[in-house]
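Taking it in order: structure first as C-alpha cells, then the write-up.
The values are calculated or read from the model by the stated rules, or taken from the named source; none is laboratory data. The shown structure was predicted, so the numbers you read here are calculated from the model rather than taken from an experiment. Note that we place each Cβ from the backbone using ideal geometry, even for glycine, and neighbour counts take in every protein chain shown. Quick note on the areas: whole protein, heavy atoms, side chains included, nothing else; ligands and nucleic acids left out. Shrake-Rupley method; radii C 1.70, N 1.55, O 1.52, S 1.80 Å.
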Amino acid sequence: VEQYMDYVRNRAFRRTLLCQADIKMDRTLRAARARRLAFTTRAHPMQQEADHPHLGSYADGDGTQYHTDDPLVAAALDELCGVAPQVVPFATLVQRVAVRVGRAALSPEEQDDLALTLTLSFARSPELVELHGWVPPIAGSLSERPLASPWARWAAFGNDRVANLRHESVHLDSVAAFVLRRLDGQHTARDLTDALEQLADQDKLHLPDPAPRSTQERRARIAALVQEALEWLQASSLLLA
C-alpha cells in the first residue's frame with residue numbers, strides 16, 4: 001500500500017536496508033532507540049478551524065494534515081517548524097518542549113511517549129517528521145558572511161543540481177548558483193551585490209522586466225536578488241552553521 005501511495009504522491013521509492021545473513025533483525029520499536037534519534041520537519045503550522053479546534057494542526061508538502069491535542073507533541077512540532085530546516089537531537093528537543101509548556105523538565109515516561117509518537121509520525125508522513133541518525137550542521141539563520149557546504153560550492157561550478165546537507169538533490173537557478181559558489185565565509189551580501197553588479201555592467205546579467213530606470217534602482221533590485229538567493233539557500237539546507 002505504501003509503495004502505491006508513492007506512485008500517487010510522486011515520491012521517491014522506499015529504501016531497502018540490506019543486512020548480512022548472520023545479523024538478527026529486531027523490528028520492535030523501542031523508546032530507548034527512538035530517543036537516540038534527531039528530528040526535523042518539512043511541515044508548517046495550519047490556521048485553526050473554529051469548529052474543530054486543536055492544540056496543533058500541521059500540513060506537509062503533500063497536503064497531508066495532522067492534528068493533535070497532546071500539548072507535548074504540539075510543542076515539539078511547533079519547535080521543529082520554528083527551527084526548520086535544522087535537525088534537533090531528541091535530548092535538545094525535550095528541553096525546548098519543557099520550556100514551551102512552562103515546565104522544568106519532562107518525566108521519563110513523557111519523554112518515552114514523545115519519542116515514540118514522533119517516530120510513528122514518520123510512518124504517517126515522512127515530511128511531517130524526519131528521522132536522522134546524525135545532526136548535520138545546518139544553519140538556522142543567515143550570518144553576515146554565510147558559509148556554504150564546500151561540496152555544494154564545488155559542484156555548483158559545473159552543475160545546476162547540487163547535494164545539500166541532508167543529502168538531497170537541489171536545483172539552482174543562475175543567481176543562486178552564482179551566490180553559492182562565493183559563499184566561503186568571507187563575503188557579505190554587499191560583496192555579492194557588487195559582484196553581480198559587475199556582471200550587469202558587462203551585460204552578463206539580465207534583470208527581469210521592467211528594466212531599471214536608474215543605476216540606483218538596478219542596484220536595489222540586484223541586492224534584493226542576492227537576499228532572496230541567500231534566504232533560499234539557507235532554507236534549502238545548503239549553509240553551514
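Of the conditions (1) of a type outside the set (A, V, I, L, M, F, W, C); (2) open to solvent by 70 Å² or more (accessible area, probe 1.4 Å); (3) closer than 27 Å to Ala139 by Cα; (4) outside any helix (DSSP H, G or I), Gln95 fails just one. Which one is it?
(4)
Tell me whether segment 100-120 contains one or more residues that are under 30 Å from Glu231 (Cβ atoms), part of a loop (DSSP other than H, G, I, E, B), at pLDDT below 95 and within 25 Å of the chain's Cα centre (by Cα). Walk me through how you get there before you give the answer.
Quick first cut of segment 100-120, residues under 30 Å from Glu231 (Cβ atoms) only: 100, 118.
Subset that is part of a loop (DSSP other than H, G, I, E, B): none.
Checked against the condition, which is being under 30 Å from Glu231 (Cβ atoms), part of a loop (DSSP other than H, G, I, E, B), at pLDDT below 95 and within 25 Å of the chain's Cα centre (by Cα), segment 100-120 yields no hits at all.
For segment 163-196: of the residues being outside any strand (DSSP E or B), farther than 13 Å from Ala229 by Cβ and among the charged types (D, E, K, R), which is farthest from the chain's Cα centre (by Cα)?
Let us first name the residues in segment 163-196 that are outside any strand (DSSP E or B), namely 164-168, 172-183, 185-196.
Add one more test, that the residue is farther than 13 Å from Ala229 by Cβ, and what stays is 164-168, 185-186, 188, 190-191, 194.
Now narrow it down to the ones that are among the charged types (D, E, K, R): 166, 168, 190-191, 194.
Working: Arg166: 8, Glu168: 11, Arg190: 26, Asp191: 26, Asp194: 29 Å.
Across segment 163-196, the extreme among qualifying residues is Asp194.
How about segment 136-162: which of its residues are in a strand (DSSP E or B), among the aliphatic types (A, V, I, L, M) and farther than 9 Å from Leu238 by Cβ?
Here is the first cut: in segment 136-162, the ones in a strand (DSSP E or B) are 138, 147-148, 161-162.
Of the ones still in play, those that are also among the aliphatic types (A, V, I, L, M) are 138, 147-148, 162.
Leu147 - this is the single residue of segment 136-162 that is in a strand (DSSP E or B), among the aliphatic types (A, V, I, L, M) and farther than 9 Å from Leu238 by Cβ.
Would you confirm whether any residue within segment 203-215 is open to solvent by 50 Å² or more (accessible area, probe 1.4 Å), assigned to a helix (DSSP H, G or I) and farther than 26 Å from Pro85 by Cα?
yes
Does any residue of segment 170-180 turn out to be closer than 30 Å to Thr215 by Cα and in contact with a Lys or Arg (Cβ under 9 Å, 6 or more places away or on another chain)? First the steps, then the outcome.
Going through segment 170-180, the residues closer than 30 Å to Thr215 by Cα turn out to be 172-180.
Then drop every residue that is not in contact with a Lys or Arg (Cβ under 9 Å, 6 or more places away or on another chain), which leaves 172, 180.
Checking segment 170-180: at least one residue is closer than 30 Å to Thr215 by Cα and in contact with a Lys or Arg (Cβ under 9 Å, 6 or more places away or on another chain).
Looking only at segment 112-136, count every residue that is over 15 Å from Ala31 (Cβ atoms), open to solvent by less than 60 Å² (accessible area, probe 1.4 Å) and out of contact with any Ser or Thr (no Cβ under 8 Å at 6 or more places or on another chain) and tell me the total. I'd like the intermediate steps shown before the answer.
Initially, segment 112-136 is screened for residues over 15 Å from Ala31 (Cβ atoms), giving 123-130, 132-136.
In the following step, the residues that additionally are open to solvent by less than 60 Å² (accessible area, probe 1.4 Å) were identified as 125-130, 132, 136.
Imposing the further condition that a residue be out of contact with any Ser or Thr (no Cβ under 8 Å at 6 or more places or on another chain) reduces the set to 126.
The qualifying residues number 1.
For segment 35-43, check the following and say yes or no: at least one residue is touching a Phe, Trp or Tyr at 6+ places or on another chain (Cβ under 7 Å), closer than 17 Å to Gly133 by Cα, aliphatic (A, V, I, L, M) and open to solvent by 40 Å² or more (accessible area, probe 1.4 Å).
yes
A quick yes/no check of all residues on (1) at pLDDT below 90; (2) touching a Leu at 6+ places or on another chain (Cβ under 9 Å); (3) within 19 Å of Phe122 (Cα to Cα):
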{"position": "Ala21", "(1), (2), (3)": "yes, no, no"}
{"position": "Thr28", "(1), (2), (3)": "yes, no, yes"}
{"position": "Ala34", "(1), (2), (3)": "no, yes, yes"}
{"position": "Leu37", "(1), (2), (3)": "no, yes, yes"}
{"position": "Ala43", "(1), (2), (3)": "no, yes, yes"}
{"position": "Gln47", "(1), (2), (3)": "yes, no, no"}
{"position": "Ala50", "(1), (2), (3)": "yes, no, no"}
{"position": "His54", "(1), (2), (3)": "yes, no, no"}
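Can you tell me which residue is nearest to Ser57 (Cα to Cα) among those in segment 121-135 that are assigned to a helix (DSSP H, G or I) and in contact with a Leu (Cβ under 7 Å, 6 or more places away or on another chain)?
Of segment 121-135, the ones assigned to a helix (DSSP H, G or I) are 121-124.
Restricting the remaining residues to those that are in contact with a Leu (Cβ under 7 Å, 6 or more places away or on another chain) gives 121-122.
On the way: Ser121: 13, Phe122: 16 Å.
Per the criteria, the residue is Ser121.
Against the definition (of a type in the set (Gly, Ala, Ser), open to solvent by 70 Å² or more (accessible area, probe 1.4 Å) and touching a residue at least 12 places away in the same chain (Cβ under 8 Å)), how does Ser174 come out, yes or no?
no
I'd like the full set of residues that are surrounded by fewer than 13 Cβ atoms within 10 Å (Cβ to Cβ) and touching a strand residue (DSSP E or B) at 6+ places or on another chain (Cβ under 8 Å), limited to segment 162-171.
Passing the criteria: Ser169, His171.
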